[in-house]
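A quick write-up on the structure given underneath.
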Amino acid sequence: EKGTYPHYMLKEIDEQPFVIRNIISKYQDENDSIKLDENIRQAVTDADRIYIIAAGTSYHAGLVGKELIEKIAGIPVETHIASEFLYNMPLLSKKPLFIFISQSGETADLRGVLVNVKEQGFKALTITNVPGSTLSREADYTLHTYAGPEIAVASTKAYTAQMAVFAILAVDAARAANVEIDFDPLQELAIVANAMEIFTNKKEEMEQIARDFMSVSRNAFFIGRSMDYHVCLEGALKLKEISYIQAEGFAGGELKHGTIALIEDGTPVIGLATQKNVNLNIRGNMKEVVARGASPCMISMEGWEDEEDTIVLPHVHEYLTPLVSVIPLQLISYYAALHRGCDVDKPRNLAKSVTVE
Ligand code: M6R
């Protein structure tokens with residue numbers, strides 16, 4: 001039930017720090033190490049390549065999942081849109097593992113791929129918020145995201161939960177393969193949960209930013225590089241689906257290859273700058289759009305922030321910044337939709353789970 005909250009979406013945004021703490025406790029054993037099914041560990045370490053298959057917001061979590069598994073465990077990963085993969089399969093490696101990532105566990109596009117790869121004799125792991133769902137039952141293994149029921153059509157807490165589980169899975173695989181790593185996901189996720197709370201407690205500020213940037217705009221751009229780029233795709237999807245503002249997530253360096261033609265006086269451009277190695281590059285990209293009249297809203301992270309940044313995230317591990325940077329984007333979308341009089345929890349033309357192809 002949504003209790004005193006006006007919308008499920010706002011309640012679910014607020015629940016995220018608790019969901020992350022819940023995930024920590026579910027995946028922690030009595031020695032504070034990672035607790036994970038031995039068979040899943042084996043399946044991941046046996047694979048010569050992982051194929052992550054998903055749709056919508058879960059696809060965006062899968063893009064971050066790829067970065068985490070490749071960077072932490074050193075296993076090659078491809079992330080694919082389920083509906084594309086089904087009819088246009090790439091050449092597969094010799095020992096692939098398929099990871100299906102789905103909040104509902106019922107998305108038809110994913111089921112099509114699952115049936116196909118099972119027929120070919122490949123192993124499948126489903127990461128879902130609903131164990132017992134179709135994708136969970138039909139896969140060989142399931143990892144639970146423990147986010148609790150997500151009612152709002154716009155996915156929020158399932159997304160951050162999925163990325164947290166990917167971080168844990170990546171480290172578990174790295175340890176199983178004796179890869180040296182200097183990253184404790186359970187400790188770092190606890191820091192993330194605290195950082196998330198700072199934003200869920202700053203609703204008035206987020207509402208003001210939504211008013212300043214989104215109240216009259218027809219369109220909006222989200223720009224970022226590397227991890228931040230994936231979060232930009234998610235920020236744009238969130239804004240589109242509930243506020244109906246046309247929004248695009250863009251790789252900062254790609255803007256000048258065409259899209260910059262759309263920047264006019266007052267066009268909102270939200271920039272993400274949480275990654276140290278591309279910090280100067282994304283700031284350069286922001287200058288380019290500001291020179292063409294854009295209204296900038298820069299979201300950076302403590303450590304490499306700039307005085308004029310609109311939002312500065314508390315410092316969290318660079319692998320986990322998406323879990324925190326998405327919170328202001330979710331809140332800005334929520335308030336933008338609210339001020340435009342949109343039905344936040346049930347946007348037009350959309351269903352919570354897409355069970356037809
Ligand atoms: O249940 P799933 O995670 O498989 O759903 C996938 C998408 O339909 C879903 O993420 C959709 O994009 C959301 N409405 C986004 O907020």
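The values are calculated or read from the model by the stated rules, or taken from the named source; none is laboratory data. As the structure is a computational prediction, the values presented were derived from the model and not from experiment. Methodologically, a virtual Cβ is constructed for each residue, glycine included, from the backbone with ideal geometry; neighbour enumeration extends over all protein chains shown. Surface areas here come from the heavy atoms of the whole protein model, side chains and all, with no ligands, DNA or RNA. Shrake-Rupley method; radii C 1.70, N 1.55, O 1.52, S 1.80 Å.
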Item checked: Residue count, region 15-32 (criterion: over 24 Å from Glu204 (Cα atoms), of a type outside the set (Phe, Trp, Tyr) and either surrounded by 14 or more Cβ atoms within 10 Å (Cβ to Cβ) or in contact (Cβ under 8 Å) with a residue 12 or more places away in the chain (or both)) -> 7
Item checked: Hits in region 124-148 (condition: surrounded by fewer than 21 Cβ atoms within 10 Å (Cβ to Cβ) and away from the ligand (no atom under 12 Å from the Cβ)) -> Pro131, Gly132, Arg137, Glu138, Asp140, Tyr141, His144, Tyr146, Gly148
Next item on the list: Identify, from the list Ser353, Ser333, the residue that is small (Gly, Ala, Ser), at pLDDT below 95, within 16 Å of the ligand (Cβ to nearest atom) and under 20 Å from the mean Cα position of the chain (by Cα).
Entry: Ser353
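Yes/no per residue for (1) in contact (Cβ under 8 Å) with a residue 60 or more places away in the chain; (2) in a helix (DSSP H, G or I):
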residue: Ile99; (1), (2): no, no
residue: Ser104; (1), (2): yes, no
residue: Asp109; (1), (2): yes, yes
residue: Lys118; (1), (2): no, yes
residue: Ile127; (1), (2): no, no
residue: Val130; (1), (2): no, no
Note to self: If a residue must be assigned to a helix (DSSP H, G or I), surrounded by 14 or more Cβ atoms within 10 Å (Cβ to Cβ) and of a type outside the set (Val, Ile, Thr), how many such residues does region 174-204 contain?
What the structure shows: 15
Note to self: Out of Leu280, Leu262, Leu237, Leu233, I need the residue that is under 25 Å from Arg348 (Cβ atoms), open to solvent by 10 Å² or more (accessible area, probe 1.4 Å), more than 16 Å from the ligand (Cβ to nearest atom) and of a type in the set (A, V, I, L, M, F, W, C). Which one?
What the structure shows: Leu262
Next item on the list: Say whether the condition of being touching a Gly at 6+ places or on another chain (Cβ under 9 Å), touching a residue at least 24 places away in the same chain (Cβ under 8 Å), open to solvent by 10 Å² or more (accessible area, probe 1.4 Å) and among the small types (Gly, Ala, Ser) is met by at least one residue in region 37-49.
Entry: no
Next item on the list: Could you list, in sequence order, all residues of region 149-161 that are of a type outside the set (Lys, Arg) and open to solvent by less than 10 Å² (accessible area, probe 1.4 Å)?
Entry: Ala152, Ala154, Thr156, Ala158, Tyr159, Thr160, Ala161
Item checked: Matching option when the condition is modelled with pLDDT of 95 or more, within 14 Å of the ligand (Cβ to nearest atom) and either open to solvent by less than 10 Å² (accessible area, probe 1.4 Å) or in contact with a strand residue (DSSP E or B) (Cβ under 6 Å, 6 or more places away or on another chain) (or both), among Glu12, Glu78, Glu70 -> Glu12
